[in-house]
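Trainee: Take this structure first; my questions come after.
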Amino acid sequence: MSDLAKDAWRKYLIQLQAHPLRTKAITAGVLAGCSDAIAQKISGVKRIQFRRLLLLMLYGFAYGGPFGHFFHKLMDTIFKGKKGNSTVAKKVLLEQLTSSPWNNFLFMSYYGLVVEGKPWKLVKQKVGKDYPTIQLTAWKFWPIVGWVNYQYVPLQFRVLFSSFVASCWSIFLNLKARSPAIKNA
């Protein structure tokens, strides 16, 4: 690893230790912005839509990072001192039955209402149509991520790990959440 990368990582760890919530929020916001830029390019936009990118960064910063921070702390409290495959399986199951459905619903609603500026009636139709497929897909993908996260990743890095994976998942969600008229823009 280069000296520059080592120094950046060291500074990141210092910030993570000193200001965990702020650091996780900023990290989630930056990763959300990167994933949106990639999603925009994949969808074929000629020029990056900066308003959209900033609104998705705001989502990562204001919701994604803080939610992950407090959710993982809660999970650690609920399962305090418990280890092993059975505990990891319970954590994954609890996460998939609670935060996974909520996060997908919230993202789709935020995207339609805030990013696209659509009225609730249209957003509700879009969510009603696409949400079941998205959630079923999430249940095929996220349990593996959750297992790795709870089994191998230390608590302080779980939000970083899940935010990084979520940036990839967000590309999928981003492309699914867009309204048909927007796709051709």
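Trainee: Modelled with pLDDT under 85 and aliphatic (A, V, I, L, M), is that true of ALA181?
Mentor: So ALA181 passes the test.
Trainee: Pull up the range 46-100, narrow it to residues that are among the charged types (D, E, K, R) and closer than 18 Å to ALA138 by Cβ, then point me to the one that is nearest to the chain's Cα centre (by Cα).
Mentor: Looking at the filtered set, the residue picked out is GLU95.
Trainee: Another one. Do you know which residues across the range 92-127 are among the β-branched types (Val, Ile, Thr) and touching a Ser or Thr at 6+ places or on another chain (Cβ under 9 Å)?
Mentor: Listed by number, the residues that qualify are VAL123, VAL127.
Trainee: So, in the range 13-41, how many residues would count as being among the β-branched types (Val, Ile, Thr) and touching a Leu at 6+ places or on another chain (Cβ under 7 Å)? Break it down stepwise before answering.
Mentor: Residues of the range 13-41 that are among the β-branched types (Val, Ile, Thr), as a first pass: 14, 23, 26-27, 30, 38.
Filter again for touching a Leu at 6+ places or on another chain (Cβ under 7 Å), leaving 23, 27.
Result for the range 13-41: 2.
Trainee: Can you confirm whether the range 141-156 contains a residue that is exposed (fewer than 14 other Cβ atoms within 10 Å of the Cβ), among the aliphatic types (A, V, I, L, M), in contact (Cβ under 8 Å) with a residue 24 or more places away in the chain and out of contact with any Gly (no Cβ under 8 Å at 6 or more places or on another chain)?
Mentor: Checked the range 141-156: at least one residue is exposed (fewer than 14 other Cβ atoms within 10 Å of the Cβ), among the aliphatic types (A, V, I, L, M), in contact (Cβ under 8 Å) with a residue 24 or more places away in the chain and out of contact with any Gly (no Cβ under 8 Å at 6 or more places or on another chain).
Trainee: How do the helices (runs of 4 or more DSSP H) wholly within the range 28-136 filter down when requiring 3 or more residues that are out of contact with any Pro (no Cβ under 7 Å at 6 or more places or on another chain) and of a type in the set (D, E, K, R): which remain?
Mentor: 85-97
Trainee: For the list (1) touching a helix residue (DSSP H, G or I) at 6+ places or on another chain (Cβ under 6 Å); (2) open to solvent by 50 Å² or more (accessible area, probe 1.4 Å), I need the number of the one condition that LYS41 fails.
Mentor: Going through the list (1) touching a helix residue (DSSP H, G or I) at 6+ places or on another chain (Cβ under 6 Å); (2) open to solvent by 50 Å² or more (accessible area, probe 1.4 Å), LYS41 breaks only (1).
The values are calculated or read from the model by the stated rules, or taken from the named source; none is laboratory data. No experiment lies behind these values; they were computed from the predicted model shown. Note that we place each Cβ from the backbone using ideal geometry, even for glycine, and neighbour counts take in every protein chain shown. For accessibility, only protein heavy atoms count, side chains too; no ligands or nucleic acids. Shrake-Rupley method; radii C 1.70, N 1.55, O 1.52, S 1.80 Å.
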